[in-house]
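The values are calculated or read from the model by the stated rules, or taken from the named source; none is laboratory data. Please read all numbers here as calculations on a predicted model, not as lab measurements. Positions of Cβ are generated from backbone atoms using ideal geometry, with glycine treated the same way; all protein chains shown enter the neighbour counts. These accessible areas exclude ligands, DNA and RNA; they are computed on the full protein's heavy atoms, side chains included. Shrake-Rupley method; radii C 1.70, N 1.55, O 1.52, S 1.80 Å.
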Number of protein chains: 2
Amino acid sequence: MGAPARRGDPQRRMRPGGRSARVNEAVLAAVLDEIVESGYSKLSFERVAGRAGVHKATLYRRWANKEELVAEALLARSASAVPVPDTGSLREDLRRLAHAIVAHISSPSGQALLRTLVSDAGRDPEIAMAGRTFWSERFARAGAIVERGVARGELPPDTDAAFFIERLISPLFLRLLVTAEPIDTAYADRIVDALCPGSGAGPD
Amino acid sequence: MGAPARRGDPQRRMRPGGRSARVNEAVLAAVLDEIVESGYSKLSFERVAGRAGVHKATLYRRWANKEELVAEALLARSASAVPVPDTGSLREDLRRLAHAIVAHISSPSGQALLRTLVSDAGRDPEIAMAGRTFWSERFARAGAIVERGVARGELPPDTDAAFFIERLISPLFLRLLVTAEPIDTAYADRIVDALCPGSGAGPD
């Protein structure tokens, strides 16, 4: 509270309620809409400001560059679309997370965003870097599920949280992006069962 | 031998040696080069014939349409770049397969092809369908590794071969296409170890 707000300080930007928070929300939504419509290469502070109905200077005060803006927009979207659950049960947390991912990547907007990111990342190192920042933060947040499972004795102490989450979500992305096989919650549950052997098919 | 060769008959097309096989090889390589350079939407029998230095009529005699031609070109490439091993050991077969995939998707040509397929598949149902034909055939071939492991008692009898192969290769594709984390043989070995628990870190 006592420290002065700095540019790039999430506390300042994410303060709930008030005009500042509403501007933030509008800007971050505009970023993702622009990416899906026109791709990362055409994204600019000017276009985002125009779409969000705010002054360009407002964006420059809050975000240092496009990469930072995009990484934050992706984190905000995924935090609302795919929240990280904490039910007290590893299996239930994994199921809820996987089901939310299935719903998100099955939705037209989620799918369009993801496909654009993947396509653009192959061509543009800057968006690849923004994506990498985003994913490593997302994996750290989702990894909390695994760490809590380890703390409760549901997983061995040497479990690598990021590797565990990779094995949870990668089959879903393989089907979405590569093999075009169907993705549903039953498939998500099979992945969870394969990762939590011995705990049966039902909830804990 | 007695049956007449039909259009679309792989026996006739894949006959080793001779002019027919050389034409086949040139055409299939030209298909993939065209896709990487210009994308699936611009692919035509005319362009492929020009690049391969054969008559367009030759292509029409051998392939019914673009989808069939592309699926066969992908299968031929993957059969040579990522052969399905049969060493007598599940773990060793999985390691060799995973290492070959790492080498292939780390190579500029393999990566360019894969990225183009993924990008195009998001936009074009026809290439998505060709990709689906290709992947389901690839998974069936790689699944033989799992089936032999089941037959040798290295895996439970109810093991789903395709699902097993999905869990083997999906973390590699996640890193390549989505998270941009590094991909190497050590990572491939970790995936194999996670899928073959209890058999130790060394070869069988």
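Any residue in region B:175-195 that's within 7 Å of chain A (Cβ to nearest Cβ): show its pairings with residues that are part of a helix (DSSP H, G or I) and at pLDDT 95 or above at Cβ separation under 7 Å, as long as the two are six or more apart or on different chains.
Correct list of pairs: B:VAL178/A:PHE173; B:ARG190/A:PHE163; B:ALA194/A:ARG167.
All but one of (1) modelled with pLDDT of 95 or more; (2) within 21 Å of the chain's Cα centre (by Cα); (3) part of a helix (DSSP H, G or I) hold for A:LEU114; which doesn't?
Of (1) modelled with pLDDT of 95 or more; (2) within 21 Å of the chain's Cα centre (by Cα); (3) part of a helix (DSSP H, G or I), only one is false for A:LEU114: (1).
Given (1) surrounded by fewer than 16 Cβ atoms within 10 Å (Cβ to Cβ); (2) under 19 Å from A:ALA21 (Cβ atoms), identify the lone condition not met by A:SER78.
Failed condition: (1).
Got a sec? Which of B:GLU166, B:GLU154, B:GLU126, B:GLU147 is in a helix (DSSP H, G or I), modelled with pLDDT of 95 or more and surrounded by fewer than 19 Cβ atoms within 10 Å (Cβ to Cβ)?
Sole residue among the options that is in a helix (DSSP H, G or I), modelled with pLDDT of 95 or more and surrounded by fewer than 19 Cβ atoms within 10 Å (Cβ to Cβ): B:GLU147.
A:GLY110 - would you say it is closer than 18 Å to A:VAL36 by Cα and open to solvent by less than 20 Å² (accessible area, probe 1.4 Å)?
Numbers: closer than 18 Å to A:VAL36 by Cα: yes; open to solvent by less than 20 Å² (accessible area, probe 1.4 Å): yes.
The answer is yes for A:GLY110.
Quick one: would you say A:ARG62 is assigned by TED's automatic domain parsing to the domain that holds A:ILE165 and either over 21 Å from A:ASP184 (Cα atoms) or at pLDDT 95 or above (or both)? Give the derivation first.
Numbers: assigned by TED's automatic domain parsing to the domain that holds A:ILE165: no; either over 21 Å from A:ASP184 (Cα atoms) or at pLDDT 95 or above (or both): yes.
Answer is no for this residue.
Looking at (1) small (Gly, Ala, Ser); (2) in a helix (DSSP H, G or I); (3) farther than 20 Å from B:VAL192 by Cβ, which is the only condition B:SER78 fails?
The failed condition is (3).
Considering only residues that are of a type in the set (D, E, K, R), part of a helix (DSSP H, G or I) and open to solvent by 10 Å² or more (accessible area, probe 1.4 Å), which ones fall in region A:81-96? Give the derivation first.
Looking only at region A:81-96, we keep the residues that are of a type in the set (D, E, K, R), and these are A:86, A:91-93, A:95-96.
Filter once more, keeping what is part of a helix (DSSP H, G or I): A:91-93, A:95-96.
Listed by number, the residues that qualify are A:GLU92, A:ARG95, A:ARG96.
Mind listing whichever residues of region B:34-68 are crowded, with 16+ Cβ neighbours inside 10 Å and either acidic (Asp, Glu) or touching a residue at least 60 places away in the same chain (Cβ under 8 Å) (or both)?
Residues of region B:34-68 crowded, with 16+ Cβ neighbours inside 10 Å: B:34-36, B:39-40, B:43, B:45, B:47-49, B:51-52, B:54, B:58-59, B:62-63, B:66-67.
Hits for region B:34-68 are B:GLU34, B:ILE35, B:VAL36, B:GLY39, B:TYR40, B:LYS66, B:GLU67.
Closer than 17 Å to A:ALA180 by Cα and either among the β-branched types (Val, Ile, Thr) or open to solvent by 40 Å² or more (accessible area, probe 1.4 Å) (or both): does that describe B:ARG141?
Values: closer than 17 Å to A:ALA180 by Cα: no; either among the β-branched types (Val, Ile, Thr) or open to solvent by 40 Å² or more (accessible area, probe 1.4 Å) (or both): yes.
So B:ARG141 fails the test.
Name, by its number, the condition in (1) at pLDDT below 95; (2) touching an Asp or Glu at 6+ places or on another chain (Cβ under 6 Å) that does not hold for A:THR87.
Result: A:THR87 fails condition (1) only.
Quick check on B:GLU46: is it part of a helix (DSSP H, G or I), closer than 13 Å to B:LEU59 by Cβ and modelled with pLDDT of 55 or more?
Values: part of a helix (DSSP H, G or I): yes; closer than 13 Å to B:LEU59 by Cβ: yes; modelled with pLDDT of 55 or more: yes.
For B:GLU46, the condition - part of a helix (DSSP H, G or I), closer than 13 Å to B:LEU59 by Cβ and modelled with pLDDT of 55 or more - is met.
Six or more apart or on different chains, Cβ under 7 Å: which pairs go from a residue in region B:132-145 that's hydroxyl-bearing (Ser, Thr, Tyr) to one that's outside any helix (DSSP H, G or I)? Could you list them?
Every condition considered, no pair remains.
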